[in-house]
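Enquirer: This is the structure I want to talk about, given as structure tokens.
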Amino acid sequence: MLSNKRGNSFVLPMATFIAVIVGILIISVVFIKLSNEILTPFGSQVGNMSRNAGLGVTKVADTFYEMWDWIIVISLVVQLVLLMASAFFIDTHPFFLILFIISNAFLIMFASGFETVLSEIFNSNDFSLLVITYMPMANFIRNNLMTIILGSMIMAGMAIFAKIRISQGGVPSR
């Protein structure tokens, strides 16, 4: 039934999930800050010469900000899909369920540190207005990061448990 048990650890996909989401959240805020530092003065200078050109720069800036918000949401969805796919495609053994539980406990401990860092960045004077104005979905993800991680761990755990049951011959009929 379970002839090849190598590579069944679930630590790497879950750690990659957390790292990618936290990394994109940090990078997006930095890119928005940098682009705001460049486009706001440029837009006002161009707007002094031509009102339509100033409005065009403002539209480009707003589109850029919205794009980063959507990139964060789409990357979260893609990461969740990949996490679920890896949970379904892993040939599991009960030992790996125990490893899954222990490794996820450690990941939750480290994720709370990531959440603290994200909160400090997002709530800083430089970024808080940008985040509230241009990144409502990213702000929602940041505020509910631990819930999202916990929910994804529960769904992945259920997928792994189902995979164990299927590999053992399914659910016995009573």
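Enquirer: Would you please give the FRET efficiency between Phe42 and Ala15, computed as 1/(1 + (r/R0)^6) with r the Cβ-Cβ distance and R0 = 45 Å, to the nearest 0.05?
Expert: 0.65
Enquirer: Given the Cα-Cα distance of Met155 and Met137 and 0.36 nm per residue of separation, how much length would full extension add, in nm?
Expert: 4.3 nm
Enquirer: Expressed in nm to one decimal, what extension gain is obtained for the pair Asn123 and Ile26 from 0.36 nm per residue of sequence separation less their Cα-Cα distance? Spell out each step's value before the answer.
Expert: On the way: separation 97, 0.36 × 97 = 34.92 nm, distance 1.22 nm.
Full extension from Asn123 to Ile26 adds 33.7 nm.
Enquirer: Could you sort 108-117, 154-163 so that the peptide with the highest average Cβ count within 10 Å comes first and the rest follow in order?
Expert: 154-163, 108-117
Enquirer: Same structure, new question: Using the Cβ atoms and a cut-off under 15 Å, what net charge is assigned to the surroundings of Ala61, where Lys and Arg are +1 and Asp and Glu are -1?
Expert: -2
Enquirer: Just the Cα atoms of the range 11-165, one point each, no solvent: what log10 I(q)/I(0) does Debye give at q = 0.14, 0.16, 0.20, 0.21 Å⁻¹?
Expert: Debye intensities relative to I(0), on a log10 scale: -0.73, -0.87, -1.15, -1.23.
Enquirer: Something else: Rounding to the nearest 20 debye, state how big the charge dipole of the range 11-165 is about its Cα centre with +1 on each Lys and Arg Cβ and -1 on each Asp and Glu Cβ.
Expert: 260 debye
Enquirer: Another question, then. Run the simple label-point estimate for Ile108 and Asn52 please: 7 Å along Cα→C-beta, distance reported in nm.
Expert: For the pair Ile108/Asn52, the computed spacing is 5.9 nm.
Computed from the coordinates by the stated procedures, all read-outs in this text should not be read as laboratory data. This is a predicted model, so every value here is computed, not measured. Using ideal geometry, Cβ is built from the backbone for each residue, glycine included, and neighbour counts are taken over all protein chains shown.
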